[in-house]
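Some notes on the structure that comes next.
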Amino acid sequence: MDIAQLADRLTAETAKIIYGKETQIRLIVMALLSQGHVLLEDLPGVGKTTLIKTLAAVSGCQSKRIQFVPDLLPADILGMNIYDRNRGEFRRLPGPVFTNLLLADEINRAVPRTQSALLEAMEERQVTIDGETLPLPTPFVVMATQNPVESESTFRLPAAQMDRFLIRLSIGYPAPEEERRMLFSLGDSIPLDGLETVTSPEELVAAQDSLSQIRVSPEVADYLVALVGATRSHPMVRMGASPRASRALFRAARAWAAMAGRPFVTPDDIQALIHPVLAHRLLLTNEARLSGVTADGVLDQIAAQLPVPPAAGDEFHGA
């Protein structure tokens with residue numbers, strides 16, 4: 001399967017609605033290919049929800065949307081068993097989590113109890129309702145939007161949930177020329193019905209499975225481990241990246257290499273992904289926050305200090 005062509009088709013079709021954000025689109029396509037969840041954190045109105053709806057439309061996947069609010073209950077996400085008086089038995093009502101792309105809109109407006117309902121789904125692709133474990137459809141990806149934590153009526157997501165997101169991105173404001181183009185093309189409505197479906201859930205699953213063929217040399221794997229390990233001993237970091245983060249970066253790098261048309265991962269692939277994959281997993285010390293140090297700054301410092309191994313070519317026959 002040509003993953004590079006598939007990624008290009010998904011990116012190009014999504015870019016018909018989301019102008020000037022090709023980098024963010026490609027990162028989300030990468031997450032979709034590597035079975036990773038996406039957290040879009042930005043101010044209201046910049047197109048977070050529209051981007052996710054557009055990608056759902058062009059990917060051919062079933063999608064459902066949950067508007068997270070403070071009184072949302074776990075059953076509103078997972079579903080429940082209700083008693084059917086006519087049949088004299090309990091009947092299961094599946095929740096919106098049973099889909100391919102779950103749009104969790106303004107996810108940090110729900111209380112922590114409701115947030116916990118997504119933990120099993122995001123990690124194990126299954127949910128438990130009244131003691132019964134049920135598998136979720138494949139592929140299954142949570143694409144969540146989040147308002148800045150300083151906004152009113154928001155709750156900070158727990159570290160365990162943040163660690164389950166493969167990447168965190170910010171869309172940002174469009175450039176003036178892109179915003180002007182948006183006014184004339186999308187000013188009245190968002191023409192999602194006019195988008196072409198360029199793939200299918202089955203093709204996406206096949207693409208995800210094929211990433212295991214992308215080679216990673218021992219030197220590049222050691223480089224990845226050193227980068228993640230350095231976050232755990234950095235003096236400005238209270239909690240570094242977990243082994244789950246190492247696995248996430250490994251999967252993401254394979255997808256990124258495949259999207260570039262290469263059968264092997266290079267150190268450049270790792271460096272391109274350390275910020276979206278690792279930054280949201282780091283908890284900084286109070287001293288760091290008071291000093292204006294950011295997680296991205298810490299990662300830049302770590303990457304600058306570590307020696308970079310040479311890129312392996314096609315002659316390499318590694319893991």
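The values are calculated or read from the model by the stated rules, or taken from the named source; none is laboratory data. The shown structure was predicted, so the numbers you read here are calculated from the model rather than taken from an experiment. As a convention, Cβ positions derive from the backbone with ideal geometry for all residues, glycine included, and neighbour counts pool all protein chains shown.
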Residue within the stretch 63-73 that is without any contact (Cβ under 8 Å) to a residue 60 or more places away in the chain, within 29 Å of ILE274 (Cβ to Cβ), part of a loop (DSSP other than H, G, I, E, B) and not small (Gly, Ala, Ser) present: yes
Residues within the stretch 274-319 that are assigned to a loop (DSSP other than H, G, I, E, B), under 28 Å from PRO218 (Cβ atoms), modelled with pLDDT of 90 or more and not β-branched (Val, Ile, Thr), tallied: 4
Failed item, numbered, when ASP2 is tested on (1) closer than 27 Å to VAL198 by Cβ; (2) within 19 Å of the chain's Cα centre (by Cα): (2)
Filtered residues of the stretch 121-176 (kept if small (Gly, Ala, Ser), surrounded by 13 or more Cβ atoms within 10 Å (Cβ to Cβ) and outside any strand (DSSP E or B)): ALA121, SER151, ALA159, ALA160, SER170, GLY172
Selected residue (criterion: farthest from GLY36 (Cα to Cα)) from residues of the stretch 221-245 that are hydroxyl-bearing (Ser, Thr, Tyr) and surrounded by fewer than 18 Cβ atoms within 10 Å (Cβ to Cβ): SER233
Count of residues meeting criterion [buried (at least 21 other Cβ atoms within 10 Å of the Cβ) and under 22 Å from LEU10 (Cα atoms)] in the stretch 265-281: 5
Qualifying positions in the stretch 213-246 - in a helix (DSSP H, G or I) and closer than 13 Å to ILE274 by Cα: TYR223, LEU224, VAL225, ALA226, LEU227, VAL228, GLY229, ALA230, THR231, ALA245, SER246
Answer from ASN81, ASN108, ASN86, ASN100 - the residue that is over 23 Å from the mean Cα position of the chain (by Cα), surrounded by 13 or more Cβ atoms within 10 Å (Cβ to Cβ) and not acidic (Asp, Glu): ASN81
